[in-house]
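Worksheet: one structure, shown below.
The values are calculated or read from the model by the stated rules, or taken from the named source; none is laboratory data. Given the structure is predicted, the values throughout are model-derived calculations rather than measurements. We place every Cβ from the backbone using ideal geometry, glycine too, and count neighbours over all the protein chains shown. Calculation scope for accessible area: heavy atoms of the full protein, side chains included, ligands and nucleic acids excluded. Shrake-Rupley method; radii C 1.70, N 1.55, O 1.52, S 1.80 Å.
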Amino acid sequence: MNNYLTSNIFRKVLASLSGLFLVTFLIGHLLGNLQLFIPGVEGQTQFNKYAFFMTTNPVVKLLSIITYSAIFLHIFITLYLVIQSKRARPVQYAVSNGKDNSSWSSRNMSVLGTVLLFFLIVHLKSFWYEMHFGEMPYQYLSDGTKIKDLHLITTSAFQNPFYTFFYVFCMVALSLHLKHGVESAIQTVGLKIPSYEKFFKYGAMLVAFSIPAVFASIPIYLYVSSL
Amino acid sequence: MSGLDLTLKIWRQKSSVDNGGFETYDVKGLNSHMSFLEMMDVLNEQLVTQNKEPVAFDHDCREGICGMCSMVINGRPHGPLKGTTTCQLHMRHFNNGDIITIEPWRAKAFPVIKDLVVDRSSFDRIIQSGGYISVNTGSAPDGNAIPIPKDIAEEAFDAAACIGCGACVATCKNASASLFVSAKVSQLSLLPQGQPERKERVNKMVAQMDSEGFGHCTNTGACEVECPKEISIEYIRKMNLDYNVNNIKS
Ligand code: HEM
Ligand code: FES
C-alpha cells in the first residue's frame, strides 16, 4: 500500500527499531566502560589505549555514524509523534486519572527522553568533544610514546559530587525510559505473543534495570575512590 | 433513608462552535440503586422544572450493549468500575457528598456536538473503509458448517465484543483509536470468512484511522483497562503485525 511509509504504525516501528538499536549500543558502550574499574596505572593505560582505538578505528567510525543516525531518527520520529498526539486532543480533560490505568513511565516517555537528550549533550561535551577538540593531558607510556589521557579527564570529572549525582539521576531516567520503552518496542514490532508475554515482560525489566544500574555504578565507584 | 447528595461539575457547550465551560449542579436525595444515567435524568428533570436547558448526553440501550453512553467521570471513561459502561454504573459506587466531574470524550476526531454528546462518525467511516465482508456469508447454520478451532472462535468473539463506544480513544493520552480498529480488524481476520479481504481490510482501516486524526499507539495499556468490554491490546499487536507484514512483503 502506497501510504505505508507515512502511516503512524510504520513511524512507530521506526521509533522502536531505533530505540532497540540504541539499547544494543548501550550494552557495547557499557562493556567498554567497565575498564574504568581496573585500578592503577594498568587500568589507566588500558582505558586510554581503548579510547584511542575507539576514536581512530574505521569500523568503529562507521558504527558511530550509524549510532548518531539512530539517535537523530529516534528523536525526530518521537518528536513528530508526540506533537501529533497533542494535536489529536486539542481540548484537554479538566480531570484525568492516568495512574489508574497506566504506568508513570509510559505516560512520560517524552519527559524522560528530554532528560536523556540533555544528558547526551552534557556527556558528549565532557568527553567526546574534549577527546576530539579539547586540550587533553597526555599519559606517557613505558615504550616512550604518549597517548591522550581520557582516563584522567574521566576520573577527575567524577570527583565532583554534583556531577556524579547528575549522572546517577540521568541513569534513573534512562531506566524508566527503558522500563516502558523495551517492552513497548517488543509489542510494537509484534513479538510479544501471549505465550511469551511473561518472558518479554521480565526480560525487558531486567534490561531496563541492569544497564542503567551498571552504568551508574561507574561514576559512584570513581567518586567514592576519589574520597 | 435520606439518599445520596452529590455535587456535579458538568461540561456544558451549546454547539460545536461554542467554547463551553463547566457548570456546577447539586442533586439531592438520590436512590443508590439508580444507574449513572438515571441520576442524569433526575438532574435533567430538575433543570427542566427550573426552566433551564437539560444536559445533552448520548444513551440508547441502557444495558451495556450499544456503546452510545459516553462520559468521562472523574477522569475515567465510563467511571471507576472495571468492565462497565456508564449506563451500567450504579450510584452505590459513590459516596454522599462526592463531587463528580463529568466531561465529554475528548479527541480531535470526536468533536463535541453539544454538552456531553460527541460526533463519533469517524468510527463509522473506519468501518465503512473495510470493516466488513463483501459477500453474504449466510446465516448461523452456514457458519457452523465451517470447522473453526475453539480458541480461535473465542478470540474472534472476544474482539467482536467491542461496542464501539470510543472509551479507548477517550482515555488514551494520544487519543489513539488502535484498540477499536484492531478489534474490528481481528473479529474478521481471525475467521475463515474474513481471509479473502484480510490484507485490503487492515490497510484501508489503518489508513482511514490515520486520516481521521487519531493519535498513534504508545502501548500505555490504558485502553484495555478502561474498555467496558475489556478488550485486550493483544489485538493491537496482531493488527500491527498484519499491517507491517503485508506492506513489507509487497
Ligand atoms: C540511549 C538513549 C535512548 C534509548 C536506548 C531509547 C530507547 C527507546 C525505546 C526502546 C523506545 C520504545 C519505542 C516504542 O515504544 O516502540 C523509546 C521511546 C521513546 N523515546 Fe527513546 N531512547 C533513547 C533516547 C531518547 C531521547 C534522547 C529522546 C528524546 C529526546 C527519546 C524520546 C523517546 C520518546 C518520546 C519515546 C516514546 C515514543 C512513542 O511511544 O511514541 N528517547 N526510546
Ligand atoms: S447506553 Fe447502550 S451501552 Fe450504555
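Using the Cα coordinates of chain A, the gyration tensor eigenvalues translate into equivalent-ellipsoid semi-axes of 37, 20, 17 Å, sorted from longest to shortest.
Note on A:11-22: average number of Cβ atoms from other chains within 10 Å of each residue's Cβ is 1. Rg and Dmax of the protein assembly as shown, based on Cα coordinates, read 27.8, 99 Å. Taking all protein chains together and rolling a 1.4 Å probe, A:Leu73 ends up with roughly 70 Å² accessible. The accessible surface of the stretch B:120-247, taken with every protein chain in place and a 1.4 Å probe, is 55 percent carbon and sulfur. Given in Å, the Rg to one decimal and the Dmax to the nearest whole number for the Cα atoms of chain B are 20.1, 68. Measuring with a 1.4 Å probe in the full set of protein chains, what accessible area per residue, in whole Å², belongs to the stretch A:1-142? Spelled out: the 1.4 Å probe surface of the stretch A:1-142, per residue, equals 59 Å².
Dividing the Cα radius of gyration of the stretch A:177-217 by 2.2 N^0.38 Å, with N the residue count, gives 1.20. Per residue, the solvent-accessible area of chain B (1.4 Å probe, heavy atoms of protein chains only, all protein chains present) comes to 44 Å².
Remark: mean inter-chain Cβ contacts per residue of B:168-177 equal 5, using a 10 Å Cβ-Cβ cutoff to other protein chain atoms. Our helix-only sum for chain B, with -39,500 (n - 2.57) per DSSP H run of n ≥ 4 divided by its residues, gives a mean residue ellipticity at 222 nm of -11000 deg cm²/dmol.
Helix A:161-188 axis versus longest C-alpha principal axis of chain A: approximately 40°, rounded to the nearest ten.
Rounded to the nearest 10 degrees, the angle from helix B:150-160 to the longest Cα principal axis of chain B is 40 degrees. Heavy atoms of chains B and A lose about 3300 Å² of accessible surface on contact, summed over both sides with a 1.4 Å probe. Other residues whose C-beta falls under 14 angstrom from the C-beta of B:Pro104 contribute a net charge of +3, scoring Lys and Arg +1 and Asp and Glu -1. With kT/(6 pi eta Rh) evaluated at 37 °C and eta = 0.692 mPa s, and Rh the Kirkwood radius from Cα pairs, the stretch A:101-204 diffuses with a coefficient of 196 µm²/s according to Stokes-Einstein. Rg and Dmax over the alpha-carbon atoms of the stretch B:4-103 stand at 13.0, 37 Å. For the stretch B:4-103, with all protein chains in place and a probe radius of 1.4 Å, 45% of the accessible heavy-atom surface sits on carbon or sulfur. Take every Cα pair under 8 Å whose residues are at least 6 apart in sequence, average their separation, divide by the length of the stretch B:4-103, and the relative contact order is 34 percent. Nearest 10 degrees is fine. How inclined is helix B:178-189 to the longest principal axis of chain B, computing both from alpha carbons? In chain B, helix B:178-189 runs at an angle near 40 degrees to the longest axis. Taken over the alpha carbons of the stretch B:120-247 as equal point scatterers, the Debye sum produces base-10 log I(q)/I(0) values at 0.10, 0.11, 0.19, 0.22 Å⁻¹ of -0.29, -0.36, -1.05, -1.36. Only Cα pairs under 8 Å and 6+ residues apart enter the sum, and on that basis the relative contact order of chain A stands at 28 percent. Of the chymotrypsin sites (Phe, Trp or Tyr not before Pro) found in the stretch B:141-221, none is in coil by DSSP with at most 14 other Cβ atoms within 10 Å of its Cβ. In this Cβ point-charge picture (+1 for Lys and Arg, -1 for Asp and Glu), chain B has a dipole of about 580 debye about its Cα centre. What the stretch A:148-214 shows is 50 Å² of accessible area per residue, with the surface traced by a 1.4 Å probe over protein heavy atoms. For the stretch A:1-95, the C-alpha radius of gyration sits at 1.61 times the compact-globule guess of 2.2 N^0.38 Å, with N the residue count.
Computed over protein heavy atoms with a 1.4 Å probe, the carbon and sulfur contribution to the accessible area of the stretch A:39-171 reaches 71%.
Quick check for you: which residues of the stretch B:224-240 have the amide N under 19 Å from the point 7 Å beyond the Cα of B:His93 toward its beta carbon? Once the point is set 7 Å along Cα→Cβ of B:His93, B:224-232 turn out to lie under 19 Å by backbone N, inside the stretch B:224-240.
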